[in-house]
Amino acid sequence: MNFSKIANFIISTIFIGIFIFLIYRLKIDFYAVGEISFLQFFLLFALSILTISTNGSKLRNIVSVFGIRLNAREWFGISSLNITLNNVFFKAGSLATSNYLKRKYDFPYMSFVGSQGADQLILLLSNAIMGAIVCQYIVSIQGNDLQWMVACYIALAVALILLMQWEFRGVSTESRLADALRRVRDSLVGIFKNRRLFFILCGHNATLILLNSFRFYVCCWVLQLDVPFTHCLLFNTAMTFLSAVPLLQSDIGGREILVGLLSEAIGSGFNTGLTATAVDRIFLLLWAFLCAVGCKMIFAPFHQSHKI
């Protein structure tokens with residue numbers, strides 16, 4: 001085991017340990033979930049299904065560029081499995097998705113990596129722009145000292161735009177590694193040059209920002225927490241950037257702590273952010289897992305042959 005893996009394991013363990021300690025130390029009350037109304041339950045169910053569907057639709061549009069046509073059961077089931085596994089281990093869902101597409105459609109791993117990389121850049125850019133707008137709005141309305149966050153979001157947006165404009169040069173050497181890198185580059189460039197797909201992905205990612213924020217807002221409502229919707233938008237943009245950090249346990253613990261700190265910084269309280277984030281994760285994970293089971297996708301990526 002190399003140094004980076006050891007460091008990753010230690011950091012992941014620390015995050016989970018701190019998360020468990022805070023739940024015990026702060027005596028966070030989750031009993032309010034037991035008093036959830038039918039309307040609240042239905043909204044969380046509907047928003048979770050819409051989130052899964054939007055992610056699945058995004059995948060369907062991406063692979064269609066490579067001549068792959070996924071049926072509804074496939075893209076919805078893959079999306080459910082992707083969300084389930086990604087909430088447990090870093091990019092485990094993406095690995096399962098690439099394995100499924102490789103086995104059934106002979107879709108090269110590196111082409112998948114390139115297409116997902118392009119989508120990830122578009123998603124981060126969307127969240128950076130939204131984060132800057134929401135931060136500035138909170139500053140103007142509440143007078144919070146968040147100008148540094150506005151500057152950070154703007155800097156991230158500019159960096160991402162410059163990265164998208166970067167000229168990806170071909171690899172001159174001939175080797176398996178060079179061929180793999182060439183596939184990544186070709187997929188990445190191909191998606192950025194496909195204006196129709198680019199705007200479709202932008203629309204899907206903007207929809208995901210709103211869906212995730214509304215779901216978080218409903219979780220706050222269930223827990224009887226008074227959190228403005230603008231705060232939920234800000235929390236969601238921050239969570240998206242954290243989820244891109246390669247930690248072994250995905251962002252379990254880290255997401256909750258980050259939102260708790262942000263919540264404290266803008267006046268909603270640390271406990272509020274941590275509790276609502278944990279409940280939101282549980283609800284989404286529950287519905288995603290049940291949908292993956294219902295679509296018979298739990299073991300599909302690992303079968304040598306399968307029919308959908």
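The values are calculated or read from the model by the stated rules, or taken from the named source; none is laboratory data. Note that the structure is predicted; figures quoted are calculated from it, not measured. Every residue, glycine as well, gets a Cβ built from its backbone with ideal geometry; the counts of neighbours run over all protein chains shown.
For region 112-151, give me each residue that is of a type outside the set (A, V, I, L, M, F, W, C) and more than 20 Å from the chain's Cα centre (by Cα).
136, 137, 140, 142, 143, 144, 145, 147
Can you tell me which residues in region 71-82 are in contact (Cβ under 8 Å) with a residue 12 or more places away in the chain and surrounded by fewer than 22 Cβ atoms within 10 Å (Cβ to Cβ)? Reasoning before the result, please.
Of the residues in region 71-82, the ones in contact (Cβ under 8 Å) with a residue 12 or more places away in the chain are 71, 73-82.
If the condition is that a residue be in contact (Cβ under 8 Å) with a residue 12 or more places away in the chain and surrounded by fewer than 22 Cβ atoms within 10 Å (Cβ to Cβ), then 71, 73 are the ones that fit.
Evaluate the following for residue 245: is it under 13 Å from the mean Cα position of the chain (by Cα), in a loop (DSSP other than H, G, I, E, B) and either at negative phi or acidic (Asp, Glu) (or both)?
yes
Any chance region 83-91 includes a residue that's more than 25 Å from residue 218 (Cβ to Cβ), at pLDDT below 90 and in a helix (DSSP H, G or I)?
Within region 83-91 (the criterion being more than 25 Å from residue 218 (Cβ to Cβ), at pLDDT below 90 and in a helix (DSSP H, G or I)), the answer is no, since none of the residues qualifies.
Go through 115, 111, 94 for me and flag whichever is touching a residue at least 24 places away in the same chain (Cβ under 8 Å), closer than 19 Å to residue 208 by Cα and of a type in the set (Ser, Thr, Tyr). Don't jump to the end; show me each part of the working.
Numbers: 111 fails: closer than 19 Å to residue 208 by Cα; 94 fails: touching a residue at least 24 places away in the same chain (Cβ under 8 Å).
Residue meeting the stated conditions: 115.
What pairs come up if the first residue lies in region 267-285 and is farther than 23 Å from residue 138 by Cβ, the second is at pLDDT 85 or above and charged (D, E, K, R), and their beta carbons are under 8 Å apart, counting only those six or more places apart or on different chains?
Qualifying pairs under 8 Å: 283/215; 284/215.
Before we move on, is residue 251 surrounded by 21 or more Cβ atoms within 10 Å (Cβ to Cβ), within 23 Å of residue 130 (Cβ to Cβ) and at pLDDT below 85?
In short, yes.
Give the number of residues within region 137-148 that are without any contact (Cβ under 8 Å) to a residue 40 or more places away in the chain and either within 19 Å of residue 259 (Cα to Cα) or surrounded by 18 or more Cβ atoms within 10 Å (Cβ to Cβ) (or both).
Looking only at that region, the number is 4.
Of the residues in region 104-120, how many are at pLDDT 85 or above and closer than 12 Å to residue 189 by Cα?
Selection size over region 104-120: 1.
Tell me yes or no: at least one residue of region 67-86 is among the aromatic types (Phe, Trp, Tyr) and over 22 Å from residue 209 (Cβ atoms). Lay out the reasoning, then the answer.
Initial filter on region 67-86 (among the aromatic types (Phe, Trp, Tyr)): 75-76.
Checking the rest, the ones that are also over 22 Å from residue 209 (Cβ atoms) come to none.
The answer is no, given that none of the residues of region 67-86 is among the aromatic types (Phe, Trp, Tyr) and over 22 Å from residue 209 (Cβ atoms).
Run down 99, 61, 55 and say which single residue is within 18 Å of residue 240 (Cβ to Cβ), out of contact with any Asp or Glu (no Cβ under 7 Å at 6 or more places or on another chain) and outside any loop (DSSP other than H, G, I, E, B).
Only one candidate passes the filter, namely 55.
Go through region 105-136 and give me each residue that's over 19 Å from residue 58 (Cα atoms) and surrounded by fewer than 22 Cβ atoms within 10 Å (Cβ to Cβ).
Listed by number, the residues that qualify are 106, 129, 132, 133, 136.
Report whether or not residue 179 is at pLDDT below 75 and under 16 Å from residue 121 (Cβ atoms).
Judged against the criteria, residue 179 is not a match.
Report, by residue number, each residue of region 62-84 that is of a type in the set (A, V, I, L, M) and more than 17 Å from residue 114 (Cβ to Cβ).
Passing the criteria: 70, 72, 78, 81, 83.
For region 56-100, what are the residues that are β-branched (Val, Ile, Thr) and within 20 Å of residue 202 (Cα to Cα)?
62, 63, 65, 83
Restricting to region 102-134, what's the tally of residues that are more than 26 Å from residue 164 (Cβ to Cβ), outside any helix (DSSP H, G or I) and in contact with a Ser or Thr (Cβ under 9 Å, 6 or more places away or on another chain)?
0
Give region 64-79 a look and list any residue that's assigned to a loop (DSSP other than H, G, I, E, B), over 12 Å from residue 101 (Cα atoms) and hydrophobic (A, V, I, L, M, F, W, C), or say none.
Across region 64-79, the qualifying residue is only 65.
Somewhere in region 9-23, is a residue more than 22 Å from residue 219 (Cα to Cα) and either at pLDDT 70 or above or polar (S, T, N, Q) (or both)?
The answer is yes; a qualifying residue exists.
So residue 29 passes all but one of these: (1) charged (D, E, K, R); (2) within 21 Å of the chain's Cα centre (by Cα); (3) modelled with pLDDT under 90. Which condition number does it fail?
With respect to (1) charged (D, E, K, R); (2) within 21 Å of the chain's Cα centre (by Cα); (3) modelled with pLDDT under 90, residue 29 is out only on (2).
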